[in-house]
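The values are calculated or read from the model by the stated rules, or taken from the named source; none is laboratory data. A quick note: this is a predicted structure, and the numbers were derived from the prediction, not measured. Backbone-built Cβ (ideal geometry, glycine too); neighbour counts: all protein chains shown.
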Amino acid sequence: MIIALPISRGRLASHFTKAQQVHFYDENHQLLLSIPNPALGGNCQDKKALLDVIRAQHTSIVVVQHIGERMLGKLLDAGISVSRGDNQLSIATLLAQSKEVNLRLTEASQGRASLKHLAKGGCCGAKRSCGCGGKAKTTQTLLSMTQAQPSLTLAKPIAYSGFRLSK
């Protein structure tokens, strides 16, 4: 099991994609790898590079204090558990708490709203595709997504994988 922590100034970074470095620890809390955060450029490609590094390290759990809803959704969709941490705690305490189920974020909506993404008109201003669709959601689309949906009748039982509903 690999645990990733976004680190700034020797502590858990207050925001996931703005961390100076990402540290990867094994199940015995030994530091395996420390890399500069590829997402510091702040654009879609940089954030995708961060996600790719986390996947390449076969990360099981990422500990965050704050994370955007889009990145949280991508981590969860990749089967990576995300645990809430506090940058006032020591690295050792954060690693020990990383397995606590009650600290897990299980839905993208638990992340911070991606207001800049929407203000720019979607991915990269909807000018080019960066792997996140390149399409802006209109206010009407967002409103329709938040309205109550009718209940569904399922043809087969629901199966769960980790902490996310799987199909």
Failed item, numbered, when LYS47 is tested on (1) part of a strand (DSSP E or B); (2) farther than 16 Å from ILE2 by Cβ: (1)
Top-ranked residue of the stretch 96-122 - restricted to ones that are modelled with pLDDT of 80 or more and in a loop (DSSP other than H, G, I, E, B), ranked as nearest to VAL62 (Cα to Cα): SER98
Any chance LEU72 is farther than 18 Å from SER109 by Cα, modelled with pLDDT under 95, of a type outside the set (Gly, Ala, Ser) and assigned to a helix (DSSP H, G or I): no
Any hit, the stretch 11-29, residues being aromatic (Phe, Trp, Tyr), surrounded by 15 or more Cβ atoms within 10 Å (Cβ to Cβ) and assigned to a helix (DSSP H, G or I): yes
Selection count where residues are assigned to a loop (DSSP other than H, G, I, E, B) and surrounded by 13 or more Cβ atoms within 10 Å (Cβ to Cβ), scope the stretch 30-42: 1
